[in-house]
Amino acid sequence: MNEVRLTGRVATVPQETTLPSGDVVVNLRIVIPRPSPNPGRRQAHEVLRRVTVDTFDVAFWTKTTQRTARRLVGGEIVEVNGALRRRFYRTITGAQSRYEIEATTLRILQRGRPA
């Protein structure tokens with residue numbers, strides 16, 4: 001079963017791309033803090049210095065998810081449900097691939113604050 005559920009912070013402004021086929025896709029990146037493997041064994045200042053994150057590229061193909069994604073700004077907290085996909089494409093250096101989340105639902109959990 002290929003199901004993904006992520007809750008994280010929006011890290012980039014949504015980018016809309018029109019493909020040669022005429023299809024439109026909206027992409028953005030979300031960031032999720034990675035928990036420390038042994039938080040009880042480290043001192044607080046060490047944990048703060050070693051905070052790491054995972055970043056995920058998310059693609060929105062349906063009009064409903066695209067409409068919501070276009071309204072997002074950096075810093076908002078969202079929940080994304082979908083599937084992990086591997087995309088293949090050609091560049092001048094040859095064939096390439098990358099993984100992304102193909103979103104089926106998008107929910108805003110916390111609005112961003114104006115700068």
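The values are calculated or read from the model by the stated rules, or taken from the named source; none is laboratory data. None of the values given here were measured: they were computed from a predicted structure. For neighbour counting, all protein chains shown are included, and Cβ atoms are generated from backbone atoms with ideal geometry for every residue, glycine included. To get the accessible areas, we keep the full protein, side chains included, count just its heavy atoms, and leave off ligands, DNA and RNA. Shrake-Rupley method; radii C 1.70, N 1.55, O 1.52, S 1.80 Å.
Taking the range 70-111 on its own, how many of its residues are of a type in the set (D, E, K, R) and open to solvent by less than 40 Å² (accessible area, probe 1.4 Å)?
Step one: filter the range 70-111 for residues of a type in the set (D, E, K, R), giving 70-71, 76, 79, 85-87, 90, 98, 100, 102, 107, 111.
In the following step, the residues that additionally are open to solvent by less than 40 Å² (accessible area, probe 1.4 Å) were identified as 76, 79, 100.
So the count comes out to 3.
Of all residues in the range 82-93, those that are within 18 Å of Ala59 (Cβ to Cβ) and free of Cβ contacts under 8 Å to residues at least 24 places away in the same chain have Cβ atoms under 7 Å from Cβ atoms of residues that are open to solvent by 100 Å² or more (accessible area, probe 1.4 Å) and part of a strand (DSSP E or B), 6 or more apart or on another chain, in Arg86/Tyr99. Per the conditions (1) among the basic types (Lys, Arg); (2) at pLDDT below 95; (3) surrounded by 10 or more Cβ atoms within 10 Å (Cβ to Cβ), the sole criterion not satisfied by Arg67 is (2).
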